[in-house]
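As structure tokens, the structure follows; a few thoughts come after it.
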Amino acid sequence: MNEREFTVHRYDPKVDTEPRFESYDVPISASTSVLDGLFHIQETLGENLSMRFSCRQGVCGSCCMEINGKARLACQTPVTGLNDRKVTVRPLYNLPVIKDLVVDMDPFFESFEAIDPSFVAEGLDENSDPAVIPPDSREREVIEPRTDCVGCGACYSSCSVAGDTYLGPAAINKALTLLKDSREMKTDERFERLSETDGVQGCHVQGECSNTCPKDIPVSEGIQLLKRDAIKRGIKQRLFPSD
Amino acid sequence: MYAADDGPVDLDVTVVVKKLAGKSGCTRMVQGGYNAVLHSEDSVEDHYMDTIEGGKWINDQKLAWTLVENAPKVIRKLENDLGVFFDRDEDGHIHQKPFAGQSFDRTVHKGDLTGIEIMTKIRDELLTRDVTFLEETRAVDLLTRDGEAVGAVVLDMRSGEFEVITAKAVVLATGGGATMYSISTPALEKSADGQAMAYRQGLPLQDMEMMQFHPTGLLAGDTKLTGGVIEEGIRGEGAHLYNTEDERFMEKYAPEKMERATRDIVSRASYEEIMAGRGTERGGVLLDATHLGTEFVEETFPGMTERTRNVGQDLSTQRVEVSPTSHYHMGGVTIDANCRTNLPGLFVAGEDAGGAHGANRLGGNGVVDSTVLGKQAGQVVPDRIEGRSPPSYDPDQAERIIERITEPLNRPGGADVYELRDELEEVMWEYVGVVRTGEKLEEGIERLVEIRKRLEDVAVSGSRRYNLEWNEYMDLENLALIAETVARSALYRTESRGAHYREDYPERDDDEWLANVHVRRNDDGMETWKEDVVFSQTHPANVDGSIVTVSDNTHAESN
Ligand SMILES: Cc1cc2nc3c(=O)[nH]c(=O)nc-3n(C[C@H](O)[C@H](O)[C@H](O)COP(=O)(O)OP(=O)(O)OC[C@H]3O[C@@H](n4cnc5c(N)ncnc54)[C@H](O)[C@@H]3O)c2cc1C
Ligand code: SF4
Ligand code: FES
């Protein structure tokens, strides 16, 4: 049977002084995903590895990890699709490690909280009919490709500036979907928040987020779009302060 | 999660989730969509009748009515209050598509990634509310005192520490355990925890024999992707099923509806074909969508197309291998239309609850169930707990629970939990599967009892922190228990109806079996009995074409 060597990050911060990498031989076929390989290590080799997963279908975004140097969803990464003969797995960057491959996603989701993701629409409630908006409208064309975000953190891991000084790509992507939504009312507050130093200007336009996103969301392009919008708004407000 | 969203804002709410909140469970995985009456030519009565006919007349009619009546309201709430944006027609109105077993095209969706949109928006909303999330924390067992629910023992998986949470009301919504079969669709962490917790408190479970097999689970060999659903919208759009002799076999089983027949019929047909030797080597049949056009399939079902490509197949250009796959448990804890159970202080919502779908759930009615019942619980709990001062919890009870759960960590060596889990799934597939007989069920029960016994010898390695093996042990304890309730209920129901098919009793028997099977813990083990269906809204005898009698005093709020 075909085999691959998996080299896996093992670390329990409560016990170990530093992380180590261990290697395991894993049998594979055309349909074996990296997550399957890790399950083999867990279940058959009895290694009791810590990792996060739920759907194994690419929809929960839980199993994101750095695989051969790129953040990917382990369940959606066929081993045979990796160019290298070896598979090296470590947890996402920019987030604290809980154990082995599991990171604490709190800083990532706190950046979502920062842009106030709750939706507020005036004049729409449980008794009113949903808004009439054609699918080919300009706003939906901008929003639609960006709502497939599964909150996996791949972009956050690949971004060299995400952290305290920058909200990171996914939160800004979310803000964009809300800002472009004609139903949504909190436009001013959100623009203000995004204009702070850790907002859109924090982005260094390296484009790694778009390159890494497993859902092919044009994250970086969206951030540049918002930068332009923010500048336009700034000019407009200076010229027409009461507008 | 939806219950937390729909409750009043000043309530002190703690959401305990085994994985990450909003990023786990099956609601997130909903592909096909959400059934709701939004069109003027459609009616709640029609949706109700589809649900009852689909459920083969053993649904809890009040619950079924509650679902269909509230579904449009929840859709409007999801759109208008939470910002979900369902797919639109060209003119900008919400698009509704056909789904099997329905008299009107009423399924609302967002591409084939409907659940992500719904759960992301609920999560976004709760992030900004004063709700405490305990993530990667599993509820282990309920705490009771003087016949009331007073809280739960939970385990923080990250630290391995137990915690006692006391509460004036507990809402169980852990999503059932269709994962007890070797080919299954749900999120991997689901393991009938809620049902098992309720059972251990002596609460009755009903319709446990009613396990829905989705007809088209992807077969991909030895990978966790096997069993993953190819959603039935694709059959709604016209995909065909073939056996290996190139016959469109549904012609034999449902000549009129063909592939659009309900899930139970399509699953059984595939199973019969496979059993008759007309299946693939891996034990599947072939799903063909290629005549719909590559571009159409790619655009309409992007998620599914990608998934098949990841396992070396391609839905948009090839026939793909599929098998019936365990998908949804119609059975569960007996509740009323306000999610109340026999245990004061305990509410159950979603797939943990039984009754709404009877013997078979329609595609698109599952997420209606989780959101509408979540809403009911969210709205009812505040009333129920006002002024309630439940007795304090019993520390001895908590101690006993913790002792039971930690025991395998202290055993020096013993049975392997993963081997035992595989065995459970295989036993369920073979003996309690799509086609059942009394003889096989009896043997299955024997095997299940033995598996439960062997659980007592399981040893778990490692520390308590983020220990997946330990977690698996807890999963298996609950799954094996609930599996036995399924097998015993299946043995008890000596007829065939909906998802439950007995080769030795192949006919539906309305004289004896317009009834629900209940199962409960008693001193000697499991006790099984039946209760006649209460035809509170519609009587089968009254159904004549489209004429339906629906009494109007049955809104959930009225009780
Ligand atoms: C692949 C797939 C596709 C589907 N497609 C559709 C569809 O198109 N339309 C439709 O109507 N229905 C569909 N369904 C069915 C639908 O998803 C379910 O009916 C519904 O999601 C059940 O919701 P729930 O709230 O009961 O459980 P879930 O949404 O599964 O939520 C259960 C939650 O409980 C947590 N949990 C489990 N155990 C514990 C514990 N011990 N302690 C704490 N937390 C715990 C889980 O982590 C999870 O977060 C689909 C199901 C699957 C699997
Ligand atoms: S934008 Fe893409 S990479 Fe970033 S969290 Fe969302 S899905 Fe993941
Ligand atoms: S397990 Fe859900 S995305 Fe991989």
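The values are calculated or read from the model by the stated rules, or taken from the named source; none is laboratory data. Quick caveat: nothing in here was measured; it's all calculated off a predicted structure. Neighbour counts are summed over all protein chains in view; Cβ atoms, including those assigned to glycine, are modelled from backbone coordinates with ideal geometry. Note: areas computed on protein heavy atoms with side chains; ligands, DNA, RNA excluded. Shrake-Rupley method; radii C 1.70, N 1.55, O 1.52, S 1.80 Å.
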Just one of the numbered conditions (1) under 20 Å from B:Val84 (Cβ atoms); (2) open to solvent by 30 Å² or more (accessible area, probe 1.4 Å); (3) not aliphatic (A, V, I, L, M) is not true of B:Asp10; which one? (1)
What single numbered condition from (1) crowded, with 24+ Cβ neighbours inside 10 Å; (2) assigned to a helix (DSSP H, G or I); (3) not acidic (Asp, Glu) fails to hold for B:Ser326? (2)
B:Ile116 fails exactly one of (1) over 30 Å from B:Val427 (Cα atoms); (2) more than 21 Å from the chain's Cα centre (by Cα), namely (2)
Examine segment A:59-66 for a residue that is away from ligand 2 (no atom under 16 Å from the Cβ) and crowded, with 24+ Cβ neighbours inside 10 Å, and state whether such a residue exists. no
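In the set A:Arg190, A:Arg140, which member is assigned to a helix (DSSP H, G or I) and more than 11 Å from chain B (Cβ to nearest Cβ)? Don't jump to the end; show me each part of the working.
Numbers: A:Arg140 fails: more than 11 Å from chain B (Cβ to nearest Cβ).
Answer to the selection: A:Arg190.
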Evaluate segment B:366-384: report whether one residue or more is loosely packed, with under 14 Cβ neighbours inside 10 Å, in a helix (DSSP H, G or I) and touching a residue at least 12 places away in the same chain (Cβ under 8 Å). no
A:Ile98 vs (1) more than 16 Å from ligand 2 (Cβ to nearest atom); (2) assigned to a loop (DSSP other than H, G, I, E, B); (3) within 14 Å of chain B (Cβ to nearest Cβ): all pass except (2)
Considering segment B:426-438 alone, what residues qualify as being buried (at least 19 other Cβ atoms within 10 Å of the Cβ) and in contact with a Leu (Cβ under 9 Å, 6 or more places away or on another chain)? B:Val427, B:Met428, B:Tyr431, B:Val432, B:Arg436
Test: residue in segment B:395-416 that is among the charged types (D, E, K, R), open to solvent by 20 Å² or more (accessible area, probe 1.4 Å) and within 14 Å of chain A (Cβ to nearest Cβ): yes
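Among the residues of segment B:6-47, count how many are more than 16 Å from ligand 3 (Cβ to nearest atom), assigned to a loop (DSSP other than H, G, I, E, B) and touching a Phe, Trp or Tyr at 6+ places or on another chain (Cβ under 6 Å).
From segment B:6-47, those more than 16 Å from ligand 3 (Cβ to nearest atom) are B:6-16, B:32-47; that's our starting set.
Then drop every residue that is not assigned to a loop (DSSP other than H, G, I, E, B), which leaves B:7-12, B:32-33, B:36-43.
When the remaining residues are screened for being touching a Phe, Trp or Tyr at 6+ places or on another chain (Cβ under 6 Å), the result is B:42.
Of the residues in that region, 1 qualify.
Condition first: in contact with a strand residue (DSSP E or B) (Cβ under 8 Å, 6 or more places away or on another chain), within 11 Å of A:Pro214 (Cα to Cα) and open to solvent by 40 Å² or more (accessible area, probe 1.4 Å). Now tell me which residues in segment A:68-96 satisfy that. Working first, answer last.
Looking only at segment A:68-96, we keep the residues that are in contact with a strand residue (DSSP E or B) (Cβ under 8 Å, 6 or more places away or on another chain), and these are A:68-69, A:71-79, A:82, A:85-96.
When the remaining residues are screened for being within 11 Å of A:Pro214 (Cα to Cα), the result is A:71-74, A:76-77.
Answer for segment A:68-96, where residues must be in contact with a strand residue (DSSP E or B) (Cβ under 8 Å, 6 or more places away or on another chain), within 11 Å of A:Pro214 (Cα to Cα) and open to solvent by 40 Å² or more (accessible area, probe 1.4 Å): just A:Arg72.
Out of the residues in segment A:1-47 that are among the small types (Gly, Ala, Ser) and outside any helix (DSSP H, G or I), which is modelled with the lowest pLDDT?
Let us first name the residues in segment A:1-47 that are among the small types (Gly, Ala, Ser), namely A:23, A:29-31, A:33, A:37, A:46.
From the residues that got through so far, the ones that are outside any helix (DSSP H, G or I) too are A:23, A:29-31, A:33, A:46.
Values: A:Ser23: 98, A:Ser29: 90, A:Ala30: 85, A:Ser31: 90, A:Ser33: 95, A:Gly46: 91.
Going through the qualifying residues, I end up with A:Ala30.
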Close pairs (6 angstrom Cβ cut-off, 6 or more residues apart or separate chains): more than 9 Å from every other protein chain (Cβ to nearest Cβ) and over 15 Å from B:Phe99 (Cβ atoms) in segment B:109-122, of a type in the set (A, V, I, L, M, F, W, C) and open to solvent by 20 Å² or more (accessible area, probe 1.4 Å) anywhere: B:Ile122/B:Met1
Just give me the residues in segment A:150-162 being touching a residue at least 60 places away in the same chain (Cβ under 8 Å) and either among the small types (Gly, Ala, Ser) or within 12 Å of ligand 3 (Cβ to nearest atom) (or both), in sequence order. A:Val150, A:Gly151, A:Cys152, A:Gly153, A:Ala154, A:Ser157, A:Ser158, A:Ala162
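Please verify whether A:Lys232 is without any contact (Cβ under 8 Å) to a residue 12 or more places away in the chain and part of a helix (DSSP H, G or I), treating the condition exactly as stated.
Values: without any contact (Cβ under 8 Å) to a residue 12 or more places away in the chain: yes; part of a helix (DSSP H, G or I): yes.
In short, yes.
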Within segment B:478-513, how many residues turn out to be open to solvent by 30 Å² or more (accessible area, probe 1.4 Å) and among the hydrophobic types (A, V, I, L, M, F, W, C)? 1
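Across segment B:192-229, which residue is nearest to B:Met428 (Cα to Cα) among those that are away from ligand 3 (no atom under 16 Å from the Cβ) and polar (S, T, N, Q)?
Going through the qualifying residues, I end up with B:Gln212.
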Can you name every residue in segment A:143-166 that is not in a helix (DSSP H, G or I) and not β-branched (Val, Ile, Thr)? A:Asp148, A:Cys149, A:Gly151, A:Cys152, A:Gly153, A:Cys159, A:Ser160, A:Ala162, A:Gly163, A:Asp164, A:Tyr166
Go through segment B:336-365 and give me each residue that's open to solvent by 10 Å² or more (accessible area, probe 1.4 Å) and either over 22 Å from B:Met119 (Cα atoms) or within 16 Å of ligand 3 (Cβ to nearest atom) (or both). B:Asp336, B:Ala337, B:Arg340, B:Thr341, B:Asn342, B:Leu343, B:Pro344, B:Gly345
